[in-house]
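What follows draws every value from the coordinates through simple rules; no lab data is involved. Not measured: the values here are computed from a predicted model. Positions of Cβ are backbone-derived with ideal geometry, glycine not excepted, and every protein chain shown enters the neighbour counts.
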Amino acid sequence: MPKRVILIIGLRVLLIFLVFEFAGYYIGIRSNSKWKSAVTEKKIEAKSLKEIQAKNKILAKKIKSLSLKGVYIVIDTANNILYFRKGNEVILEAVISSGSGDILQEPGGKRKWIFDTPRGEFYVKSKLTEPDWVKPDWAFIEEGENIPKDFNQRIESGVLGDYGLGFGEGYFIHGTLYTRLLGRNVTHGCIRVADNDLKAVYRASSIGTKIFIY
Amino acid sequence: MEENQYLEAELGLAKAPSLYFIFDFKEKSVYLKAKGTIFREWEIRRIRFWGNPVPVKSFLLIKKSALFPPKRKSIKPGKSEEKDNFELEVLELKDMPSSYTLSIEGDIVVYVRPKTKSFVSLLRNIGHSLRWYTFPPLKTLWFSLKKKRSYTAIDILLADEKDAKALYWAFLDGLKGIIYRPRSN
């Protein structure tokens, strides 16, 4: 194809593109101007303005009343830090380990596990001392072992540290033998804490203490 | 009035037993909160808007998308790594993308990028700016032709890569939040 023809086609395509762009810009700029334009509703009367301001104060007060006043736990899984807080004050800061995000697929089976630490709002549901680990099915599958039929073969002592705080669905804040891995995302979803920090958190927490994980 | 709507929306989110986000463009910050308490705050260095104003109410984060999304590792049964091995292949903050898109219900798209620190990120931001000035107008035209409400695009620049990665980490699909930019701002 002669170069001249290619050039003409190219220019026409560019022209069509520019027409579409300008049309889009025209529509977009009209919409965009609504971000900055002054409020076009009818002028708010002074009395209404005062009512709105009063209502805003009430709303702000309601939100403030919901804010956390007692002790609670905040877990930052990105930086692997646990904060034990009272109101806005941080009482304790601890390096932890949280979920690895890895996936385990059961060979020949349908089950799949994703080892994330759950996010959201929880609360302490149980407090245990010297907890035993009751190994779930995935722990055997991960090691390439057969899943035992005898329940007692699932119990492993001494791997979860001195204390455990359960917050639902099998997830715990517990101790660890792998203190060198604190600060890394290496667990199967639970939160691992060093012994001294865990002791402090355990003692200061009660059943119902809120836990926020993000 | 907008502040009233914002407070109403936040009260609704604060009452729920879950985390929520707030893009507060008046304060130039992004917050991750629960019960009205700020857990994490990200400073916004620069903001650009396109399209229709966003109503002040709670929205759902539908999905995050990135050119190179983080990939989870599949564990091979029977071949678990040394427990003390520091070469573990796990999903961590450093694996998160620093430039990505948040798709929020109501055809709202938030582009998140870090401030340029290296030559590579400078090139990436130039590419993004080209996309910002060409793609939204075309999409706006497409939405108009389809008689859909024009979509809204917001472009935010965070302080650094670590902040951008941390926001990607913290914002899970399904998280609810508010986008607040008073018209007087």
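Between 0 and 90 degrees, the angle of helix B:119-145 with respect to the longest Cα principal axis of chain B falls at about 50 degrees.
Cα extents for the protein assembly as shown along the principal axes, largest to smallest and rounded to whole angstrom: 77, 74, 38. Inter-chain neighbour count for A:49-58: the average number of beta-carbon atoms from partner chains within 10 Å of each residue's beta-carbon is 2. Relative to the longest principal axis of the Cα atoms of chain B, the long axis of helix B:2-15 lies at roughly 40 degrees.
Across chain B, the convex hull enclosing all Cα atoms gives 160 Å³ per residue. Full extension of the chain segment joining B:Asp173 with B:Arg46 gains 43.3 nm, where the gain is 0.36 nm per residue of separation less the Cα-Cα distance. Of the trypsin sites (Lys or Arg not before Pro) found in the range B:31-75, those that fall in a DSSP loop while having at most 11 other beta-carbon atoms within 10 Å are B:Lys71.
Decide, for the range B:106-181, between rounded, prolate and oblate: order the square roots of the alpha carbon gyration tensor eigenvalues as a ≥ b ≥ c, take rounded if a/c falls under 1.5, and otherwise choose prolate if a/b is larger than b/c, else oblate. Note, shape of the range B:106-181 comes out oblate. Sites listed here are GluC sites (Glu not before Pro) in the range A:117-214 whose DSSP assignment is loop and whose Cβ has at most 11 other Cβ atoms within 10 Å: A:Glu169.
At an R0 of 56 angstrom, the distance between the Cβ atoms of B:Leu138 and A:Asn146 translates into a FRET efficiency of 0.45.
Mean partner shielding of peptide A:109-116, defined as the number of other chain Cβ atoms within 10 Å of each residue Cβ, is 1.
Translational diffusion of the range A:71-213 was estimated from the Stokes-Einstein equation, with Rh taken as the Kirkwood radius over Cα pairs; at 10 °C and 1.306 mPa s the coefficient is 102 µm²/s. Stretched out straight at 0.36 nm per residue, the stretch from A:Ile81 to A:Glu51 would grow longer than its current Cα-Cα span by 6.4 nm. Counting Cβ atoms of other protein chains within 10 Å of each Cβ in A:97-103 and taking the mean gives 5. Would you calculate a helix-derived [θ] at 222 nm for chain A, using -39,500 (n - 2.57) for each DSSP H run of n ≥ 4 and dividing by the full residue count, to the nearest 500? Calculated mean residue ellipticity at 222 nm is -11000 deg cm²/dmol. The C-alpha atoms of chain A define a longest principal axis, and helix A:3-36 lies at about 70 degrees to it. Contact order for chain A, expressed relative to its length and based on alpha carbon pairs under 8 Å spaced 6+ residues apart, stands at 23 percent.
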